[in-house]
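What follows draws every value from the coordinates through simple rules; no lab data is involved. It should be emphasised that the depicted structure is a prediction, and the values quoted were computed from it without experimental measurement. No Cβ is skipped: glycine too gets one built from the backbone with ideal geometry, and neighbour counts run over all protein chains shown.
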Amino acid sequence: MKVFRFVAREWKSALLIMLFLIAQAACELALPGYMSRMVDVGIQQGGVDSAAAQRLSEAGHADLLRLLSDEDKALFESAYEQADGAWQLKLTSRDDLKRLDETLRLPMAVLFMMEQQGGEAALTALRSGLVPAQTAMNAAQAEIEKQGAQTDSLLRQAAAQYVRQEYERVGMDAYNTQQIYLWRNGLIMLGITLLMGLSAVMGSYIGSRAAARIGRDLRGRVFHKVIGFSKAEIDRFSTASLITRSSNDIRQIEQTSTMTLRMFLYAPIMGVIGIVRVAGLNSGLSWIVVVAVVAASALVGILAGRAVPKFKIVQQLVDRQNLVTREVLTGLPVIRAFTRERHEEARFEKANRDVIDVSRYISRMFMTLMPSLFLVMNITMLMIVWFGARSIDLGRLQVGSMMAMISYTMYIIMAFMMLSMGSIMIPRANASAERILEVLHTRTDIEDPAQEAALPDAWRGEVVFDDVSFRYPGAEDDVLQDINFTARPGQMTAIIGGTGSGKSTLLNLIPRMYDVTGGRVLIDGVDIRQMNLHRLRALIGYVPQQGVLFSGSIASNIKYGDETMSDADMERAAAIAQAQGFIGEKEGGYLSEVSRGGSNVSGGQRQRLSIARAIAGKPKVLLFDDSFSALDYRTDLMLRQALRREMGDTTVLIVAQRIATVMKADKIIVLEQGRIVGEGRHEELLRTCDSYREIAQSQLSAEELNGGVA
């Protein structure tokens, strides 16, 4: 799955987590075995866990010798020595003790059964030779087979009971023996539990850190990629979708990574080890677990198969919901002005309802899954208790073994429950991963050249449009056609035209917000597509139509392009932009706070601060995209005069709607439907360009047209 591409980056952490998970699973699955022994051996067998008794009475030692073969007698006699009127075990080798246990198990069971069924008389007959030893052995084995019991289980229990009787005969404290066994195993279980807890904590800690790194790296990669997008890529994805992908989708992957590195690795380990342990119990009930596993797998497969395709739809609907929310919040003044609150509420309600409907369908699927798995688990427990009780009654199974069987089965079913959670989270995260990979794999139209062209030693800032055409991605017609003009240093070149004539688009081609689809844009004779983007944009000061400010101070906004800028240069830029006046009136001056987006300053102040920011970098080319629209005529005039006076060697291009802003420009370019229909100074265009004359007549009085007002 695509989500594992991101998890795979943390393979070292995954390996370390795997080790802790294996340790945790081994500890957790060891506990039922110890619990089984505590019940079967510690309680039912009085703490006697082996037929290799520590002490035997004289009579017991003699009885066992009668029942052993010649080969087994040698081992038995070498294992014990007389001490204090009894026989004391002297073997210490684990292998020898195991052989002795297996050797004595059947004879001890025979003696115990003879005593239980025939009493002392049966033992007397054996000792006197009236009942041959082999006959007694055969009779006991026949009785075992008759009961249909598991031979090994019954022999262990019978031998343990015989050993307990022997301990009582030689004066050993049976209660103390039992307590020692219970305490020893109890402390072992406590140690295993502590180790299990430590492994779980370490696994969770490492997994959480790894998932946090995955989220951090993904956010960084997506942000870095989006920062390099041109306007075409931004428009393709939409701002709302990019925000969703950078936040909600990455958070989904981060959460799933945490679960993957912990739960989804742990569940298979638990399931596999649990199945192995169940098979090792030799209880005859393993078929119940097989049925439960098949039923759980079928449930997960069916329900997940119906829900998984809906996850991608949910993410798309969330994009739509965010888009509507963003439009409503940014357009509140317009919505209120036209009393369209009810309409927008209905539009948001529909977007919200679409998300809810699909999410509810998915939730219903997985809300059905959990109770169904619990039902499977409870039915499985019931079957184990039912058939296990019958096996216990027939002597085929011990109580502790049945309890261990129940515990192992619960672990196996719980593993399926954990995997079912994965079937909820992983497909959704996979849909998120696809959306993030779509961003990361998108090739940016605006890229640095493979090899930069030869650059001049000193930049002048001359801008040349050489037969330029431009068409938006996916559009059928050109927005700009056959654009040819030159903007020279020290001159102000203005661009004017009707709405939709391509003025802003033309200006955006210079800093390569878009790339031309035909022709060339040159700065000092160098095609801008053959220049490093950072180098190109460092030459340009750009002021967009909407003044954009960032949260911080006035000083930090003006120094945005160069934090090391001197205060003198900052104040000079503010003076040229006619911003010094209102800055001086503020209590904090240049240190006054600016809210996000400049919401605590007026539109005109925001524009002047944006202009000051562009001027402060001392660019070779200054671009103003209708950036004087919020200024009054007097401030507009003073700003243009300051630009001529203070930045005489800079190439200035101004896009404007107002004739008053451009009429003193050195060159005016008139655009109409993406073509240049006029070029020259104000007076010349009034005579030669009908489009310019119409614009001028609509804005200026007859006196102003005749040159009365600048």
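Summary table below
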read-out: Pairs beyond 30 Å (Cα-Cα), from Lys620/Lys664; Lys586/Lys664; Lys225/Lys620; value: Lys586/Lys664
read-out: Potential extension, Val328-Arg693 segment - 0.36 nm per residue separation minus Cα distance; value: 127.4 nm
read-out: In region 331-373, the chymotrypsin sites (Phe, Trp or Tyr not before Pro) that fall in loop regions by DSSP, at most 12 other Cβ within 10 Å; value: Phe338
read-out: Region 408-515: GluC sites (Glu not before Pro) in DSSP coil with no more than 11 other Cβ atoms inside 10 Å; value: Glu476
read-out: Extension gain from Met638 to Ile379, taking 0.36 nm per residue of separation minus the Cα-Cα distance; value: 84.5 nm
read-out: FRET efficiency estimate (nearest 0.05) - Cβ-Cβ, Asp393 to Tyr175, R0 30 angstrom; value: 0.60
read-out: Computed magnitude of the charge dipole of region 417-527 (debye, nearest 20; Cβ of K, R +1, Cβ of D, E -1); value: 500 debye
read-out: Efficiency of FRET between Ser93 and Arg184 - r from beta-carbon atoms, R0 22 angstrom, step 0.05; value: 0.60
read-out: Estimated vicinal HN-Hα couplings, Hz - region 465-473 in sequence order (Karplus 6.51, -1.76, 1.60; Gly, Pro = x); value: 9, 10, 6, 7, 10, 8, 9, 5, x
read-out: Region 509-549 - Debye-derived log10 I(q)/I(0), Cα point model, q = 0.14, 0.24 Å⁻¹; value: -0.35, -0.86
read-out: Bins of 5 Å, starting at 0 and running to the largest distance - Cα pair percent for region 53-115; value: 3, 18, 31, 28, 16, 4, 0
read-out: Computed E for Ile227/Thr193 - FRET, C-beta separation, R0 45 angstrom, nearest 0.05; value: 0.35
read-out: Three-way shape call for region 547-618 based on the alpha-carbon gyration tensor, with the a/c threshold at 1.5; value: rounded
read-out: Span-rule helices in the chain, defined as complete DSSP H runs reaching 24 Å or more along the axis (Cα) with Kyte mean at least 1.6; value: 265-281, 286-307
read-out: Only Lys, Arg (+1) and Asp, Glu (-1) charged, at Cβ; region 155-283 dipole about Cα centre in debye; value: 500 debye
read-out: Pairwise Cα inverse-distance average, inverted: Kirkwood Rh of region 240-384 (Å); value: 19.1 Å
read-out: Selection from Ala158, Leu67, Tyr80 lying farthest towards where the dipole of region 55-171 points positive, charges on Cβ; value: Ala158
read-out: Difference of contour (0.36 nm per residue) and Cα-Cα distance, Lys73 to Tyr205; value: 41.7 nm
read-out: Spacing of the two label points (7 Å from each Cα toward its C-beta) at Ser599 and Gln657, in nm; value: 2.5 nm
read-out: Distribution of pairwise C-alpha distances over the chain, 10 Å bins, in %; value: 3, 10, 14, 14, 11, 9, 8, 7, 6, 6, 5, 3, 2, 1, 0
read-out: Approximate spin-label separation Ala8-Ser592, in nm, with each point projected 7 Å along Cα-to-Cβ; value: 5.6 nm
